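The values are calculated or read from the model by the stated rules, or taken from the named source; none is laboratory data. The structure presented is a predicted model; accordingly, all values stated were derived computationally and were not measured. Note: ideal-geometry Cβ built from the backbone for every residue, glycine included; neighbour counts use all protein chains shown. Areas reflect the complete protein model, heavy atoms only, side chains present, ligands, DNA and RNA absent. Shrake-Rupley method; radii C 1.70, N 1.55, O 1.52, S 1.80 Å.
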Amino acid sequence: MQKIDSREKLDEIMQTEGDKVKNSKCRILICAGTGCLAGGSGDIYNKMCELIDSDPNVEVCFGPEIAHGDGPAEVRKSGCHGFCEMGPLMRIEPMGILYTKVSVDDCEAIYERTIKKGDVIRHLLYKQNQIEYQRQEDIPFYKKQTRLVLENCGHIDAEHIEDSIAHGGYQALAKVLNEMTPEEVINEIYDSNLRGRGGGGFQTGYKWKQVARQPEKIRYVVCNGDEGDPGAFMDRSIMEGDPHKMIEGMAIAAYAVGAQEGYIYVRAEYPLAISRLKKAIADATECGLLGDNIMGTDFSFRLHINRGAGAFVCGEGSALTASIEGNRGMPRVKPPRTVEQGLFEKPTVLNNVETYANVPMIINKGANWYKTIGPENSPGTKAFALTGSVKNTGLIEVPMGTTLREVIFDIGGGIKGDGEFKAVQIGGPSGGCLITPHLDVSLDFDSLKKMGAMIGSGGLVVMDKNTCMVEVARFFMNFTQNESCGKCVPCREGTKRMLEILERIVQGKGELEDLDMLEELAQTITETALCGLGKSAALPVMSTLKLFRDEYVEHVVDKKCASHTCSALKKFVISAELCKGCSKCARNCPVGAISGKIKEPFTIDNSVCIKCGACESNCAFGAIHIES
């Protein structure tokens with residue numbers, strides 16, 4: 001890669017690399033995000049490379065209506081396409097074909113039929129309601145999204161800076177270095193009303209203003225890539241699929257506040273993201289887009305990566321900076337706040353991955369353009385990780401203000417097995433539940449706060465009628481309790497007591513008084529915990545108690561779990577009408593809980609039964625079931 005010592009040089013390389021992309025006869029983009037790699041996309045990439053390399057001058061035929069380039073056919077590793085349910089994924093340009101659930105065995109057919117002859121392999125296309133979708137952009141999952149931050153994910157080679165530059169990478173940085181003062185940059189971000197995408201929704205431009213006005217001249221820019229929420233993978237996908245967009249946003253922030261050093265804090269469980277970030281930083285430094293005298297100016301900015309050990313509490317600002325410093329990741333009392341005394345006790349800009357990735361497009365297109373997307377108080381888009389009992393799981397991006405109904409039923413395709421929607425957990429262990437009456441609530445910071453929920457980092461776990469909400473609350477409380485750093489008593493002891501109560505309830509040992517105690521503990525922890533983790537720890541319990549109190553009462557009073565999720569509350573019974581008296585159930589019971597005579601109905605002693613289900617699975621006559 002050539003050294004970029006001026007804005008003109010960047011423009012020249014963008015033109016050259018852009019022409020290469022346009023003139024490529026065929027670009028085969030294979031999803032190499034973590035999910036698809038786990039499904040074997042690495043082997044698919046190697047096989048397609050082998051096939052293309054065997055005939056580098058292969059004649060590509062895509063039909064007369066598609067313009068042909070004169071460059072070589074290429075196989076590229078892209079980041080996450082987002083449609084995780086259908087992976088491994090392969091996009092073929094210029095046709096825009098998206099093949100789903102590709103295997104190594106499909107590669108030769110793709111090469112011979114699609115690449116060489118222009119034929120579409122129909123069984124690899126996505127189908128919905130008996131309609132086949134050939135082009136990726138026509139698939140409802142993509143068509144109903146507004147992909148801005150994720151625009152390049154799945155469309156560029158995630159491991160080569162040339163592809164990023166070809167698609168406009170670092171143009172915003174060139175603009176601020178050559179046309180704007182630091183104050184003008186801050187004002188543009190402030191006027192855009194960009195709010196932090198890490199969960200709190202704090203005004204980004206105001207945070208930058210606070211850092212810039214500090215008398216201390218040594219300042220830092222830090223990116224929170226810790227992303228510890230269960231079911232969340234938005235930041236990971238950006239770091240894997242378009243790392244330069246985030247890096248560019250950090251460099252712009254550094255220019256705006258006068259920082260020369262930056263740190264990206266990434267959880268160690270994200271090895272692929274770390275690998276691609278390291279390469280991206282090395283490439284950007286080598287070609288003069290990071291380091292000293294960037295693009296021939298007097299602005300210098302060096303970027304470092306710190307790996308977190310996986311502590312959820314390190315997603316909190318002061319705990320994160322303590323961890324970077326080499327100390328135990330624990331939050332501290334505020335003030336002073338991070339903008340005043342953050343990393344190494346210096347003023348620090350701390351935003352998450354998605355927030356920084358929004359910055360370049362705001363600089364390029366302007367604050368007024370940005371404010372045309374979404375509601376006035378929460379402009380822009382938000383990426384969500386859509387998981388759970390929904391047909392189309394994956395990574396999505398929609399304008400703020402989009403409703404849950406649009407996300408779950410239009411983009412997500414509805415509930416798996418055409419089941420009945422029950423609830424969605426939004427915001428992970430720091431969020432709350434929303435139910436059917438909330439389906440048309442606007443997904444933005446302020447609207448969700450009124451509902452007792454929060455966007456958080458963007459996890460959306462959809463649940464159907466077969467979900468036990470008491471167990472959901474216990475699951476999230478177990479996670480939060482395990483992740484409590486233990487520094488403050490309300491979080492350390494309060495979450496433990498709440499977890500103990502919830503565990504008693506799901507085991508059928510709860511009392512009605514426990515429900516009052518849960519509410520009292522939840523209120524106390526929320527009001528007195530030291531950091532954001534503790535203050536929001538009780539939200540899943542509070543929201544489920546409010547919306548599904550009848551399920552808690554059922555567990556406590558009737559000792560039943562309607563969804564049959566809680567093992568201790570299952571009661572297996574044998575239908576006397578269906579039982580043939582074969583004794584197979586008794587012979588397979590590990591604790592001898594079943595008795596009876598041959599050719600007569602058997603019975604189960606539920607005081608002995610351990611609820612393993614061996615009897616039900618071994619009964620050939622369907623005579624054993626869980627009592628409703």
(request) In whole Hz, with x marking every Gly and Pro, tabulate ³J(HN,Hα) for segment 271-288 from phi via Karplus 6.51 cos²θ - 1.76 cosθ + 1.60, θ = phi - 60°. (result) x, 5, 4, 5, 4, 6, 5, 4, 5, 4, 5, 4, 5, 5, 5, 4, 9, x
(request) Please report the Cα spread of segment 256-408 along all three principal axes, rounded to whole Å, starting with the longest. (result) 46, 39, 35
(message) Please list, in order along segment 365-374, the HN-Hα scalar couplings obtained from phi with the Karplus expression 6.51 cos²θ - 1.76 cosθ + 1.60 (θ = phi - 60°), rounded to whole Hz, x for Gly and Pro.
(response) 9, x, 5, 5, 4, 4, 6, 7, 9, x
(request) Return the ratio Rg/(2.2 N^0.38 Å) for the chain, where Rg is computed over Cα atoms only. (result) 1.08
(message) If I take R0 = 41 Å and measure r between the Cβ atoms of Val608 and Arg332 in this structure, what FRET efficiency does the formula 1/(1 + (r/R0)^6) give, to the nearest 0.05?
(response) 0.20
(request) Mind checking which of Ile165, Val176, Asn129 is farthest towards the positive end of segment 127-180's charge dipole, using Cβ charges of +1 (Lys, Arg) and -1 (Asp, Glu) about the Cα centre? (result) Asn129
(request) Provide the solvent-accessible area of Glu269, counting protein heavy atoms only and rolling a 1.4 Å probe, rounded to the nearest 10 Å². (result) 100 Å²
(request) Would you list the P(r) distribution for segment 94-133, with all Cα-Cα distances sorted into 5 Å bins from 0 and each bin expressed as a whole %? (result) 6, 23, 33, 24, 11, 4, 0
(request) Could you estimate the translational diffusion coefficient of segment 119-191 from the Stokes-Einstein equation, with Rh from the Kirkwood formula over C-alpha pairs, at 25 °C and 0.890 mPa s, in whole µm²/s? (result) 154 µm²/s
(request) Kindly provide the trypsin sites (Lys or Arg not before Pro) of segment 120-193 that DSSP labels as loop, not H, G, I, E or B, and whose Cβ sees at most 16 other Cβ atoms within 10 Å. (result) Lys144
(request) With N set to the residue count of segment 87-222, report its C-alpha Rg divided by 2.2 N^0.38 Å to two decimal places. (result) 1.53
(request) Scan around Gly308 for amide H atoms under 5 Å from its own, H built in the peptide plane at 1.01 Å from N, and keep only partners 5 or more places away or cross-chain. (result) Val266, Arg267, Ala268
(message) Can you compute the radius of gyration and Dmax for segment 194-344, using only the Cα atoms, both in Å?
(response) 15.0, 43
(message) Ratio of alpha-carbon Rg to the 2.2 N^0.38 Å globular estimate for segment 523-581, to two decimals, please.
(response) 1.80
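Indicate, rounded to the nearest 5 percent, the antiparallel portion of the DSSP beta bridges found entirely in the chain.
Roughly 55 percent of the DSSP beta bridges within the chain come out antiparallel.
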(request) Take the alpha carbon atoms of segment 151-170, find their center, do the same for segment 438-480, and report the distance between the two centers in whole angstrom. (result) 34 Å
(request) For segment 2-57, state what percent of all Cα-Cα pairs lands in each successive 5 Å bin, counting from 0 Å until the bin that includes the largest distance. (result) 4, 16, 15, 14, 14, 16, 14, 7, 1
(request) Find how many whole Å separate the alpha carbon centroid of segment 379-425 from the alpha carbon centroid of segment 513-590. (result) 26 Å
(request) Taking every pair of alpha-carbon atoms in segment 187-280, give the share separated by more than 24 Å as a whole percent. (result) 25 percent
(message) Quick query: amide H of Val75 versus all other amide H atoms, modeled in the peptide plane; which residues come in under 5 Å with a sequence gap of 5 or more or a different chain?
(response) Ile28
(message) I'd like the projected area of segment 280-350, averaged over all directions, using the convex hull of its alpha carbons. Report it in nm² with one decimal.
(response) 5.7 nm²
(request) Pop out the ³J(HN,Hα) list for segment 28-36 in order, Karplus 6.51 cos²θ - 1.76 cosθ + 1.60 with θ = phi - 60°, rounded to Hz; leave Gly and Pro as x. (result) 9, 9, 9, 4, 10, x, 4, x, 5
(request) Specify the angular offset, from 0 to 90 degrees and rounded to the nearest 10, of the alpha carbon long axis of helix 243-257 from the longest principal axis of the alpha carbons in the chain. (result) 70 degrees
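With viscosity set to 1.306 mPa s and temperature to 10 °C, compute the Stokes-Einstein D of segment 439-515, Rh being the Kirkwood radius across alpha carbon pairs; µm²/s, no decimals.
108 µm²/s
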(request) Provide, for segment 550-628, the number of lysine pairs with alpha carbons under 19 Å apart, each pair being eight or more places apart or on different chains. (result) 14
(message) Please compute one quarter of the surface area of the Cα convex hull for segment 385-480 and express it in square nanometres.
(response) 5.6 nm²
(request) Along each of the three principal axes of the Cα atoms of segment 180-223, give the extent in whole Å, ordering the values from largest to smallest. (result) 29, 21, 14
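Go ahead and estimate [θ] at 222 nm for the chain from helices alone: -39,500 (n - 2.57) per DSSP H run with n ≥ 4, summed, over the residue count, rounded to 500.
For the chain, the value works out to -10000 deg cm²/dmol.
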(request) Compute, for Ile131, the solvent-accessible surface of its heavy atoms (probe 1.4 Å) with the complete set of protein chains present, and express it in square angstrom to the nearest 10. (result) 80 Å²
(message) Which three extents, in angstrom, do the Cα atoms of segment 497-556 have along their principal axes, listed largest first?
(response) 33, 21, 15
(request) Please work out the Kirkwood hydrodynamic radius for segment 413-555, using every pair of different C-alpha atoms, and report it in angstroms with one decimal place. (result) 15.3 Å
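Tally Lys/Arg at +1 and Asp/Glu at -1 over every other residue whose Cβ is under 9 Å from the Cβ of Gly581; what's the total?
After counting each charged neighbour, the total is +2.
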(request) At 1.4 Å probe size, with every protein chain present, just tell me what the per residue accessible area of segment 487-621 comes to in Å². (result) 52 Å²
(message) As I understand it, the dipole of the chain uses +1 on the Cβ of Lys and Arg and -1 on the Cβ of Asp and Glu, about the Cα centre. Which of Phe409, Pro437, Pro360 lies farthest toward its positive end?
(response) Pro437
(message) Suppose each label sits 7 Å from its Cα in the direction of the beta carbon; what would the Asp550-His123 distance come out to in nanometres?
(response) 4.7 nm
